[in-house]
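Colleague: First, the structure itself, so that you have it in front of you.
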Amino acid sequence: QVRAWHLRTQCTHLCGDLDYSRLRDVLRGVERLIAQPQGFRRYGVRTQDLSLAIAMHIDTSSREGAMWAAALATAFCGLLRGCEFGLQDGETFDPTRLLTRADCKFHTSSADGTLYMVLTIRPAKKGPAQQKSVPLLIAAGGSLLDPVRLMQRYFELHPVSAEAASSTPLFSRRGQAITVREIRGLVQELMRRLGLDPRQELMLTDDEMPS
């Protein structure tokens, strides 16, 4: 990607006409001769960890606690990027781009009676795709995480009129949409409480990765 960007913007190849396969060989040789810092282990958050964190450290009987439980479970199961359900630094809430209460609907399957939650999301990717809306379906009944039930609980504790739904952030606290910074702060704190390395939080809630 870097080489393609450089060629497109500078109209020249990065490193001139150097054979990139040889450059890789040189880097391998350097790594053998010079001690390198131990690589940072990458891993994905486990369903069990999030389920335990919600059960032990989030008060789902309160409106704010119910909101956070619904937000984290929905983002995890729906593979949402942080900026798809929270505001980035310096950003103001835009109901045409970010999730609103009107973007969340509940439906029951006529075939088997399964309850579904349908989120109408706008992908965070730049370009024409950002203007499109995509329905995201999440079924109720998860054994460890059930974002549908958690969302229903949140809606019960924080009702919004039909008229205000289209202009109200789906996830809000103190009347304001939650931010990516707040999401990261909570995730880091929950990870600390579970004895996990909070540095891994950046890999779990990065704006360019699923949260």
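The values are calculated or read from the model by the stated rules, or taken from the named source; none is laboratory data. Just so it is clear, the structure is predicted and the values come from calculations on it, not from any experiment. Neighbour counts are summed over all protein chains in view; Cβ atoms, including those assigned to glycine, are modelled from backbone coordinates with ideal geometry. In case anyone asks, the SASA skips ligands and DNA or RNA and just uses the protein heavy atoms, side chains included. Shrake-Rupley method; radii C 1.70, N 1.55, O 1.52, S 1.80 Å.
Colleague: Return only the number of the condition from (1) under 18 Å from residue 69 (Cβ atoms); (2) modelled with pLDDT under 95 that residue 162 does not satisfy.
Modeller: The one condition residue 162 does not meet is (1).
Colleague: Would you check which residues across segment 103-114 are open to solvent by 30 Å² or more (accessible area, probe 1.4 Å) and either in contact with a Pro (Cβ under 8 Å, 6 or more places away or on another chain) or assigned to a strand (DSSP E or B) (or both) and list them?
Modeller: 105, 106, 107, 108
Colleague: Looking for something within 16 Å of residue 183 (Cβ to Cβ), touching a helix residue (DSSP H, G or I) at 6+ places or on another chain (Cβ under 6 Å) and not aliphatic (A, V, I, L, M) - is there at least one such residue anywhere in segment 111-125?
Modeller: There is no residue in segment 111-125 that is within 16 Å of residue 183 (Cβ to Cβ), touching a helix residue (DSSP H, G or I) at 6+ places or on another chain (Cβ under 6 Å) and not aliphatic (A, V, I, L, M).
Colleague: Here's a follow-up. So which residues in segment 170-211 are modelled with pLDDT under 90, open to solvent by 60 Å² or more (accessible area, probe 1.4 Å) and not in a helix (DSSP H, G or I)?
Modeller: Hits for segment 170-211 are 174, 175, 195, 208, 209, 210.
Colleague: Restricting to segment 88-102, name every residue that is assigned to a loop (DSSP other than H, G, I, E, B), open to solvent by less than 70 Å² (accessible area, probe 1.4 Å) and within 15 Å of residue 166 (Cα to Cα).
Modeller: Listed by number, the residues that qualify are 93, 94, 95, 97, 98, 99.
Colleague: Looking at segment 115-130, is at least one residue within 30 Å of residue 56 (Cβ to Cβ) and open to solvent by 50 Å² or more (accessible area, probe 1.4 Å)?
Modeller: yes
Colleague: Residue 148 fails exactly one of the following numbered conditions: (1) under 18 Å from the mean Cα position of the chain (by Cα); (2) at pLDDT below 95. What is the number of that condition?
Modeller: Here residue 148 meets the rest and fails (2).
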